[in-house]
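Only one structure is covered here, and it is reproduced in the block below.
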Amino acid sequence: MAKQTSILTFTGRLGPLTGFKRNGKHYFRNRPDGIRHTPNMKRAAQRFGQASRTGAFIRKALGIKGDGGHVNRFTKLLIPSAGVDLHPLTGLQFNKSKPTSSHFSKLPVLGKDGRLYIPAQAFPKGIRHVAIKLIAVRIDLQTRQVIGSNTAVINIDTSQKFEGAELCASVPGTGTLITALSVNDSAAIIAVKETQAVSIRPVEPHFIHVNVPAVPFIVLLE
């Protein structure tokens, strides 16, 4: 580091030199030949790259659009495992300001049979129409290939009495099954499961009049 004594001082790059100001005085030094990456820095970069690529693959497979921050939220959740463990994605909201839960007065539940049960309810005020889509995608994470996908859709007119409904969007096969719920302009990943061959037969959306025990799936991320 050397002090600039000339009348004309500079900051920034100038040939092989870098000028800077410190405590009101100008200095310059030689520009480094390059950034020296430590082993830890290299490993962190690799984990970030793998997590980023896995997140991009999953988003493309689901075909769901999100807000401006959903890409970073994907990557952040996948970095600890370098994109190998997808279970932390459960509960991820694609639009953080409009969670899927805001469209219901009684939360839907995802049963062990893979069906989504929507309880009979009166929807929150101001919501005139509810378009619900259950999306299931089975992937091979190692080869980053989509094995299969399926969707089930129901449109609800909230001005009419809603008696409850169920949706099923199964994808037979093996691999990682990712299930997402889209509600109007909101969407969330509601389940990630490593499964063996499944034989659940897809069914058309229909109304139900019975209480089906299940565990609420909605998990809001801070």
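Below, the figures for the structure above:
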item: Residue satisfying condition, being at pLDDT 95 or above and small (Gly, Ala, Ser), within set ALA61, ALA122; result: ALA61
item: Subset tally (residues that are under 24 Å from the mean Cα position of the chain (by Cα) and either at pLDDT below 90 or of a type outside the set (Val, Ile, Thr) (or both)) for the range 125-144; result: 9
item: So LYS133, is it of a type in the set (D, E, K, R) and either over 30 Å from THR54 (Cβ atoms) or assigned to a loop (DSSP other than H, G, I, E, B) (or both); result: no
item: Selection from the range 136-170 of residues that are among the small types (Gly, Ala, Ser) and in a loop (DSSP other than H, G, I, E, B); result: SER159, GLY164, ALA169, SER170
item: Tally, over the range 76-98, of residues that are closer than 19 Å to LYS65 by Cα and hydroxyl-bearing (Ser, Thr, Tyr); result: 2
item: Any hit, the range 109-122, residues being in contact (Cβ under 8 Å) with a residue 12 or more places away in the chain, within 18 Å of the chain's Cα centre (by Cα) and surrounded by fewer than 17 Cβ atoms within 10 Å (Cβ to Cβ); result: no
item: The range 177-197 - residue that is within 16 Å of VAL146 (Cα to Cα) and surrounded by fewer than 18 Cβ atoms within 10 Å (Cβ to Cβ) and, of those, modelled with the highest pLDDT; result: LYS193
item: Qualifying residue in the range 60-79 (condition: touching a Phe, Trp or Tyr at 6+ places or on another chain (Cβ under 8 Å), of a type in the set (Lys, Arg) and on the phi > 0 side of the Ramachandran plot); result: no
item: Members of the range 47-104 that are among the β-branched types (Val, Ile, Thr) and surrounded by 14 or more Cβ atoms within 10 Å (Cβ to Cβ); result: THR54, ILE58, ILE64, VAL71, THR75, ILE79, THR90, THR100
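The values are calculated or read from the model by the stated rules, or taken from the named source; none is laboratory data. Remember, predicted model here, so these are calculated numbers, not experimental data. So basically every Cβ, Gly included, is an ideal-geometry build from the backbone, and we count neighbours across all protein chains shown.
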